[in-house]
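The block underneath contains the structure these notes are about, expressed in C-alpha cells.
The values are calculated or read from the model by the stated rules, or taken from the named source; none is laboratory data. Please read these numbers as outputs of a predicted model, since none were measured by experiment. Note that each Cβ is placed from the backbone with ideal geometry, even for glycine, and that neighbours are counted across all protein chains shown.
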Amino acid sequence: MLKKNEPATGDQIARFLKLTRATIRSDLSVLTMTGILDARPKVGYFYSGLEKNPGLYEDIRSLKVGSVMSNPILVTKETSIYDAIVRLFLEDVGSLYVAEDGRLVGLVSRKDLLKSAIAGSNTKETPIATIMSRMPNLLTLRKNDDVLDAADILVAHQVDSLPVVDKDMQVIGKVSKSLIVRLFVDTLKEK
C-alpha cells in the first residue's frame, strides 16, 4: 500500500487495513525502528525500500509460544474488583487470569475493571466473578503454537494478552502485545 500511495498517514494505513490506528500503532513503531518505514511529522509514512530478510522471516516464523511466554498473573473468582485493580497495577499487566486449582475459568481485563469502577460498583466487596469473561469464550494458546500466529490472534481480536494453557487447561504462561513487540524489535535489531 505504501509503495503505491506514499506518503500515507497512520489513519490512512489503518483504514486500508480495516483496523484502528491504536491497533497498528505498535506495528508502525516496529516498522519505523527497523528501517522498513520512514516517518515524517505532519507528512506521514514512507516505504524505505528495505526488502524483507528471508532468514529473519524464518527465525520469527519458527519461534514457538513456549519459548517466549511470560509468567501469568492468576487470581481467584473471589478476588474483589478493588484487589484486582491493585494487582493489575502492581504487576504492570493488562489482564489477570482467573483460575481454580490452576485451571483457567476466566479473564478480567483492564477495560473490564475500568468499566466496573466507573459504573460505581462497590469495588471492595464485589468479586471479579461478576465481571470476568468466562470459559469457553476465551481465546487461548498452547506452548507449541507459532508466535507469529499468536501475534495475528492478538491483532485480529484486539486483545492485550492471551493465556497459554496445557491440555488440562492449566495456565502455564501468557503472551502479550508488549511481549510480541519487544520480541520483534529485539530480533530485528540483532539482524
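Is region 67-75 home to any residue that is modelled with pLDDT under 85, closer than 25 Å to LYS189 by Cα and either within 17 Å of the chain's Cα centre (by Cα) or not in a loop (DSSP other than H, G, I, E, B) (or both)?
First, pick out the residues of region 67-75 that are modelled with pLDDT under 85: none.
The answer is no, given that none of the residues of region 67-75 is modelled with pLDDT under 85, closer than 25 Å to LYS189 by Cα and either within 17 Å of the chain's Cα centre (by Cα) or not in a loop (DSSP other than H, G, I, E, B) (or both).
Matching residues to (1) assigned by TED's automatic domain parsing to the domain that holds ILE180; (2) out of contact with any strand residue (DSSP E or B) (no Cβ under 9 Å at 6 or more places or on another chain); (3) more than 21 Å from ILE172 (Cβ to Cβ):
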{"position": "ALA22", "(1), (2), (3)": "no, yes, yes"}
{"position": "GLY35", "(1), (2), (3)": "no, yes, yes"}
{"position": "ALA39", "(1), (2), (3)": "no, no, yes"}
{"position": "ASN71", "(1), (2), (3)": "yes, no, no"}
{"position": "THR76", "(1), (2), (3)": "yes, no, no"}
{"position": "THR79", "(1), (2), (3)": "yes, no, no"}
{"position": "ILE85", "(1), (2), (3)": "yes, yes, yes"}
{"position": "SER121", "(1), (2), (3)": "yes, yes, yes"}
{"position": "LYS124", "(1), (2), (3)": "yes, no, yes"}
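Do you know which residues across region 18-43 are loosely packed, with under 14 Cβ neighbours inside 10 Å and farther than 16 Å from VAL185 by Cβ?
LYS18, THR20, ALA22, ARG40, PRO41, LYS42, VAL43 - these are the residues of region 18-43 that are loosely packed, with under 14 Cβ neighbours inside 10 Å and farther than 16 Å from VAL185 by Cβ.
Sort through VAL171, VAL147, VAL185 and tell me the only one that's under 24 Å from ARG21 (Cβ atoms), in contact (Cβ under 8 Å) with a residue 60 or more places away in the chain and of a type in the set (A, V, I, L, M, F, W, C).
Testing whether each residue is under 24 Å from ARG21 (Cβ atoms), in contact (Cβ under 8 Å) with a residue 60 or more places away in the chain and of a type in the set (A, V, I, L, M, F, W, C) leaves just VAL185.
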